[in-house]
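Working notes, beginning with the structure itself.
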Amino acid sequence: QKEVEQNSGPLSVPEGAIASLNCTYSDRVSQSFFWYRQYSGKSPELIMSIYSNGDKEDGRFTAQLNKASQYVSLLIRDSQPSDSATYLCAVGNSGGGADGLTFGKGTHLIIQP
Amino acid sequence: EAQVTQNPRYLITVTGKKLTVTCSQNMNHEYMSWYRQDPGLGLRQIYYSMNVEVTDKGDVPEGYKVSRKEKRNFPLILESPSPNQTSLYFCASSFEGGYGYTFGSGTRLTVV
C-alpha cells in the first residue's frame, strides 16, 4: 500500500519568513504530486502540482520534487497569517492519479504575526 | 460556476438507517472519488470511478457502496451505518487524474 509521510507539526513560522513543508512517499513509480491547503472545517484546495524533478514556482509558492529520494517539498515565501492552515501532500495512485490520490496526514502551519 | 456539490452538508442519523450522500459535478469530469477524513488518520479513499459504470474500491471500502450511472453524479451509499462511520466525507472529481482533483465542500456525518 502506498504511504505518504508528513511531519504533523505544528510548524510555527514568523510572518514574512519562508515556510518549508516536506513530504516523502513510498511508491517509486508515482508520477504526479500535489500540495493541497485545507483551512479548518473546509475542503482541501489544490495549490500546486509537480510532475518532473526540480522546482516549480507559482507566485509565493515553490514545489520541489526529487524522485530519486522520493521527496516532495513546498516552500512558501513571504509567509502571511492567511497561510495558516493544514497542508496536505498527495500522490497520484497508479502513477498518474486516474484512480485517485493518496494523502499524507498533513502539516499544520502557523504563521505568527 | 465550476464546482463539486455534496449534499447534505451535515447529517445525524441512527445506527442501521440507510442513507445516501449525493455528489454532483458540473465540469464534465471523467474521474471521481470519495474520501473520508478522520483526526489522526488523514484523508483516506473509499471508492473511485474512472467513468460511467466503472467503479472500484479504495483503501477503506467496507460498509460503503457507490454507483456511477451518469457522468456527473457519484452517490455514496451507507446501507447500514455504524458509529465508526462517523466522519467528514469529501467527494472529488478530476478531468484527468494527473492534473489534480477538485473537492466538494464536505459532508459531516454523525452516526449514533
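Every number here is computed from the coordinates shown, using simple stated rules; none is lab data. Fair warning: this is a prediction, and the values are worked out from it, not measured in the lab. With ideal geometry, Cβ positions are generated from the backbone for all residues, glycine too; neighbour counts draw on all protein chains shown.
Cα extents for region A:36-113 along the principal axes, largest to smallest and rounded to whole angstrom: 40, 27, 19.
Counting only other residues whose beta carbon sits under 12 Å from that of A:G100, what net charge do I get with K and R as +1, D and E as -1? Summing Lys/Arg as +1 and Asp/Glu as -1 gives 0. Among A:19-27, A:64-72, the peptide with the highest mean count of other Cβ atoms within 10 Å heads the list, and the full ranking is A:19-27, A:64-72. Mean partner shielding of peptide B:5-15, defined as the number of other chain Cβ atoms within 10 Å of each residue Cβ, is 0.
Cα centroids of region A:42-78 and region B:50-98: 28 Å apart.
Can you compute the FRET efficiency between B:S80 and B:R44 using 1/(1 + (r/R0)^6), with r the Cβ-Cβ distance and R0 = 30 Å? Round to the nearest 0.05. Working shown, then result.
Details: r = 20 Å, r/R0 = 0.67.
Taking R0 as 30 Å, the efficiency between B:S80 and B:R44 is 0.90.
Volume per residue for region B:18-106 equals 92 cubic angstrom (convex hull of Cα atoms). Counting only lysines at least 8 places from B:K65 when in the same chain, those with an alpha carbon closer than 28 Å to its own are A:K2, A:K42, A:K105, B:K17, B:K18, B:K57.
Within a straight-line Cα-Cα reach of under 16 Å, B:K69 can be paired with the following aspartates and glutamates, leaving aside sequence neighbours fewer than 8 residues apart in one chain: B:E30, B:E53, B:D56.
For the protein assembly as shown, divide the Cα radius of gyration by the Kirkwood radius and give the resulting Rg/Rh value with two decimals. Intermediate results must be reported in sequence, preceding the final value.
Numbers: Rg = 17.4 Å, Rh = 17.9 Å.
Ratio of gyration radius to Kirkwood radius for the protein assembly as shown: 0.97.
Compute the signed sum of charges (Lys and Arg +1, Asp and Glu -1) over the other residues within less than 15 Å, Cβ to Cβ, of A:D78.
Details: positive: A:R60, A:R77; negative: A:E15, A:E57, A:D58, A:D83.
Combined, the nearby Lys, Arg, Asp and Glu give -2.
Can you compute the FRET efficiency between A:S69 and A:I110 using 1/(1 + (r/R0)^6), with r the Cβ-Cβ distance and R0 = 35 Å? Round to the nearest 0.05. For R0 = 35 Å, the calculated efficiency reads 0.80.
Structural descriptor for chain A: relative contact order 38 percent, calculated from alpha carbon pairs under 8 angstrom and at least 6 residues apart.
Take the Cβ-Cβ distance between B:T5 and A:Q80 as r, set R0 to 35 Å, and report the resulting FRET efficiency rounded to the nearest 0.05.
Numbers: r = 30 Å, r/R0 = 0.86.
Computed FRET efficiency for B:T5 and A:Q80 comes out at 0.70.
Here the extension length gained between A:E45 and A:N7 equals 11.7 nm, from 0.36 nm per residue of separation less the Cα-Cα distance. Other residues with beta-carbon under 11 Å from the beta-carbon of B:L43 carry, at +1 per Lys or Arg and -1 per Asp or Glu, a net charge of +1.
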